[in-house]
Amino acid sequence: MFLNSMALFDQMGPLINYGQQLADEAVNFIYELEPMAAKTVIFKSQYLDEKVDELSAAVSFDAAMIKYVLCMFLAYPIALIVSRIPSASIKHAAFGTVGVIMMQWTFGSQWIHSFLSSAITYLLVALWPHRKSMPIVAFTFVLTYMSAAHLYRMYTDYMGWSLDFTGPQMVLTMKLSSFGFNLFDGKQGLAEEEEIAKTNAAKLKALQSDPGANPKKVESLARKIKYHNKVLATRKNFAINSLPSPLQYFGYTYNFTNILAGPAFEYADYANPVEGKAAGSAQGVTNGRRAPGSLLPGLGRLAISIACLAIHVVGSSQMPISYLDNAEWKSSQPYWQFLLGSWFILLMVRFKYYFAWKLAEGSSIFAGFGFQGFDKEGKVIGWSGASNMDILGFELGGNVSENSRAWNQRTQGWLERYVYARTNSSLTATYAVSAFWHGFYPGYYLFFLSVPLATNASRAMKKAIRPWFQTAQGQDGAGIAFYNVLAKLTTTTHINYLVCAFQLLSWEASIRCWGNYYFFGHALMFSALAISNVVPKRKFKTKQL
């Protein structure tokens, strides 16, 4: 059998060589296009570039990263100015133009990828607005473009890192793919879904009036209708009834407050504030009332962002992420100390993301985005509509599901609305798209294949174990408080274990890191699933009347 496998590998050798030859030719072709792409860069400033280079040399920090961070901070004063422009058309032009300038100054000729993918997507949705396949074609195109970018980067700089266009392209992929679905919903998708809702409601009514109907079937259909109505309400909120003009469209795609690092909110959440329409999501109402001042909420996010940056810089300088793949560092301390050290290292890594996401959220709020409307009593709900991260929700989450909902919320919403809900609730499709969107390093797949197992184990243990910490009457008490603390500690330790693969990327480094943990995370998951099946169900005492 071994000899047969070796023979098969030998036969595949020419095919592998041919594939590598094709990849080399593709890379050479892209290099040949570089001079053409360079001619599209209109915004150039030799003076600014020289000053940035001087600063880069002085602080030993990448020049492109300095430009990137400067643009994100400059978005604040520019957002305040643009938000006060009375003309919607001029606002759209300003959002788009400033975004293009930032992309060109930061990424040079690589900015062309954002323009090409945006322009082609606009043509696709404009040519086939009424075809049911239109949003699927657009989604497939932008995801394929994103995947090709990841593969190109891996092939030309495997395991290396430099700031390039793939970060903004990931944000743009979410915006462009959602745009296609929202336009289709506005044209005809909603009408089709409303007919389905009417049919399901009639079926439920007939079942409920049938004395011989299976109760489980009735309950299942009722749950299905409830979920479908929730999905339908969301689609109504984000539907685009007519094709936006190129000015509106490119204002949205190049919106300078979120083109670099997100948050990738919906077209309706961009266009409504810009054009003076009712702001806010389905969570609240406006009744024609203007959104309150955005200065203080935006400054609050800015302050949080700066604090996160300071924590990241100081903490990561003491214990860099390279320690996770360092056997000598691991062996130089007791196991419990290694766990605490690993937790600290990955916490410091997360503060880098918190910095970027909160910084972008603040400038988006300055521009008028993210207002959630008013509640029924007329009180302001908040400005979290542009939030991408619930920091405390993630760090203090009591189970994997809570952590997932708190992390990278715009991406979670995108996957739920445009993959999960449109593939008949397929988790396989959802995780596959999420993995492709992130890239093709083995570490991503080790992580994403482990998360569903961790989620199921967490749910099973909660269902089996939590009741035993309640009082005899099934009430929450001191025991539940202890359970909650234990659950939070277990979850944060487990998440840190899993995310090692996501951060280290390569198969070898990921397995080495998990090996340093003695693979306790996976052992814990399988043990939890086994234990939850043998723990007896607790019976509570009924209250005597």
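Values in this text are rule-based calculations from the coordinates and carry no lab data. Please read all numbers here as calculations on a predicted model, not as lab measurements. So basically every Cβ, Gly included, is an ideal-geometry build from the backbone, and we count neighbours across all protein chains shown.
On a C-alpha basis, how far is the centre of the stretch 169-222 from the centre of the stretch 477-545 in Å? Whole number, if you could?
35 Å
Using DSSP to define loop residues, name the chymotrypsin sites (Phe, Trp or Tyr not before Pro) in the stretch 52-130 whose beta-carbon has at most 13 other beta-carbon atoms within 10 Å.
Loop-located and lightly packed - 61.
Which GluC sites (Glu not before Pro) in the stretch 345-454 sit in a loop by DSSP (not H, G, I, E or B) and have at most 11 other Cβ atoms within 10 Å of their own Cβ? Spell out each step's value before the answer.
Numbers: sites: 361, 377, 395, 402, 416; in loops: 377.
Here the sparse-neighbourhood loop sites are 377.
Once every DSSP H run of n ≥ 4 in the chain is given -39500 (n - 2.57) and the sum is divided by its residues, what mean residue ellipticity at 222 nm do you get, rounded to the nearest 500 deg cm²/dmol? It would help to have the intermediate numbers written out before the result.
Values: 22 runs with 377 residues, N = 545.
Helices in the chain give a 222 nm mean residue ellipticity of -23000 deg cm²/dmol.
May I ask you to sort 72, 154, 36 by Cβ crowding, counting other Cβ atoms within 10 Å and putting the fewest first? Show your work: numbers first, answer last.
On the way: 72 22, 154 15, 36 10.
Final ranking by Cβ density, sparse to dense: 36, 154, 72.
Percent of Cα-Cα pairs more than 42 Å apart in the chain, please.
Details: 41175 of 148240 pairs.
Summing the P(r) of the chain above 42 Å gives 28 percent of all pairs.
Once you keep just the Cα pairs under 8 angstrom separated by 6 or more residues, what percentage relative contact order results for the chain? Please list the in-between numbers first.
Values: 628 pairs, mean separation 75.9, N = 545.
Reported as a whole number, the value is 14 percent.
Cβ under 12 Å from residue 65's Cβ, residue 65 left aside: what net charge do those residues give with Lys, Arg +1 and Asp, Glu -1? Spell out each step's value before the answer.
Values: positive: 67, 352; negative: 62, 164.
Combined, the nearby Lys, Arg, Asp and Glu give 0.
How about the chain: what cysteines have no other cysteine beta carbon under 4.7 Å from their own?
When partners are defined as cysteine Cβ atoms under 4.7 Å apart, the chain leaves 71, 308 without one.
Give me the percent relative contact order of the stretch 165-277, please, defined on Cα pairs under 8 angstrom at least 6 residues apart.
Details: 80 pairs, mean separation 53.7, N = 113.
For the stretch 165-277, the relative contact order is 48 percent.
Based on the alpha-carbon gyration tensor of the stretch 47-143 and its eigenvalue square roots a ≥ b ≥ c, which shape applies: rounded if a/c is under 1.5, prolate if not and a/b is larger than b/c, or oblate?
Numbers: a/c = 3.44, a/b = 1.65, b/c = 2.08.
Because a/c hits 1.5 or more and a/b fails to exceed b/c, the stretch 47-143 counts as oblate.
What does the charge add up to near residue 307, with Lys and Arg as +1, Asp and Glu as -1, over the other residues with Cβ less than 12 Å from its Cβ? Display every interim value, and only then the final one.
Numbers: positive: 301, 358; negative: none.
Net charge around residue 307: +2.
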